[in-house]
Amino acid sequence: MSDIGTNCEGIMERINVRVELRLEQELEAGARENGVRPSDIVREALEKHVRQRVPKESWLDIARRIGRGDVYKDAPSDLSTNPEHREGSGKSSASHPTRHLPPGRPSRRKR
């Protein structure tokens, strides 16, 4: 038995998935009822899951989408994903004494 199959879209890779006996029995029964192979049902469910997945946006992508990309026009494209650009992030504001708040926003620091 070969580990590689083909369909109208080209070469298909084989994967193995472990499931509980109950799920395997339901899969087999569903395949029999619909006149298809269990792998067809699994493939369709996996394709549906992958299509529904929403890719994660970077902060720069979000800023551009909401029309604020001009503020960051000189920022590197990997600003939110490259660890070199995140040094010091996550530290308290007390450790960043030069942090500036927008006008009209009071500081949240306890006095």
Fill in: Yes/no for Arg43 being charged (D, E, K, R), surrounded by 11 or more Cβ atoms within 10 Å (Cβ to Cβ) and free of Cβ contacts under 8 Å to residues at least 40 places away in the same chain
yes
Item to complete: Report yes if some residue within the stretch 90-108 is at pLDDT 70 or above, out of contact with any strand residue (DSSP E or B) (no Cβ under 6 Å at 6 or more places or on another chain) and assigned to a helix (DSSP H, G or I); otherwise report no.
Response: no
Response to the item:
Conditions (1) aliphatic (A, V, I, L, M); (2) in contact with a helix residue (DSSP H, G or I) (Cβ under 8 Å, 6 or more places away or on another chain); (3) at pLDDT 95 or above -> Val71 fails only (3)
Worksheet entry | Breaking point among (1) at pLDDT 90 or above; (2) under 30 Å from Thr81 (Cβ atoms); (3) surrounded by 10 or more Cβ atoms within 10 Å (Cβ to Cβ); (4) not acidic (Asp, Glu), for His49 | (3)
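The values are calculated or read from the model by the stated rules, or taken from the named source; none is laboratory data. The structure presented is a predicted model; accordingly, all values stated were derived computationally and were not measured. Here Cβ is always computed from backbone atoms with ideal geometry, including for glycine, and neighbour counts include all displayed protein chains.
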